[in-house]
Amino acid sequence: MQPRPWYLAQLTVLGAGLVVAALHGGGPSAAAHATAYRPPLTNATPTPAAEVHTLSDKRAVVKPAAKPRHTAIPTPQPSRPSPKPATVRRTATVAAPTFQQSLDAAIARIPTYRAGAARWIVSRAYDFWGTADWYHDVLYVSPDVPLSKLYDVAVHEWSHELSVLDYAGDVAAATAAMNAWFGGSGLTGPERAADCMAVLQGARWTHYTTCTNAAWRTGAARLIAGQRL
């Protein structure tokens, strides 16, 4: 086979270029661009289209400005009124009554007592809790008498005075009459009479007798009433 003339070879190449250019819709410049746009000759894996970003595709990510940290403000507690200082009430100190005051209160309780009929003296001059000087209308009470028995002693001594007053101050006549009624001699009758008279006037303690004898109680009641035996 005879070799083809050189101009035929050039025409063949030129014709092929025109065909390519026609397919791409352009002239010689389009053919040149088509020749240049060839896939890479390397075996590297092409970047997926989804990962190819142009500058215009990138969206500016606006990072929100950091919110100012909230400073907790403590909620004020409801105001409480300041406690008022405790009011100290000063209780007036009441002094304990003196023995004389206690004796006066005991005398005031005696139902048959006649104010001014006798003079009362607090004294240890005698060895007894109480002594009656019925000759001078003076009654002595020792300060050693327990307050629980003060009324009992006071009403007993007053009964001595009252029994003699029934006889108009005649001590001998009164003593003789009481010994005859209550028994005994000397001062036995008068002491029994004074105890019985004290019991009938509310005494709870007596020294000589509890006066359970009915006749004695009758005699005591007569003397209390201002009558002679």
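Here are the numbers for this structure:
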item: Filtered residues of the range 184-211 (kept if within 53 Å of the chain's Cα centre (by Cα) and polar (S, T, N, Q)); result: Gln201, Thr206, Thr210
item: Residues of the range 171-210 satisfying the condition of being farther than 20 Å from Tyr113 by Cβ and not in a helix (DSSP H, G or I); result: Gly183, Gly184, Ser185, Gly186, Leu187, His207, Tyr208, Thr209, Thr210
item: Condition check for Gly189: at pLDDT 95 or above, touching a Gly at 6+ places or on another chain (Cβ under 7 Å) and crowded, with 16+ Cβ neighbours inside 10 Å; result: yes
item: Sole residue being free of Cβ contacts under 8 Å to residues at least 60 places away in the same chain, touching an Asp or Glu at 6+ places or on another chain (Cβ under 8 Å) and within 24 Å of Arg109 (Cβ to Cβ), chosen from Cys211, Cys196; result: Cys211
item: Answer residue from the range 131-152, given it is out of contact with any helix residue (DSSP H, G or I) (no Cβ under 8 Å at 6 or more places or on another chain) and of a type outside the set (Gly, Ala, Ser) and is nearest to Arg119 (Cα to Cα) among those; result: Val138
item: Residue match in the range 148-166 (condition: surrounded by fewer than 16 Cβ atoms within 10 Å (Cβ to Cβ), at pLDDT 95 or above and assigned to a loop (DSSP other than H, G, I, E, B)); result: no
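The values are calculated or read from the model by the stated rules, or taken from the named source; none is laboratory data. Bear in mind the structure is a predicted one, so any value in this text is a computation, not a measurement. Note that each Cβ is placed from the backbone with ideal geometry, even for glycine, and that neighbours are counted across all protein chains shown.
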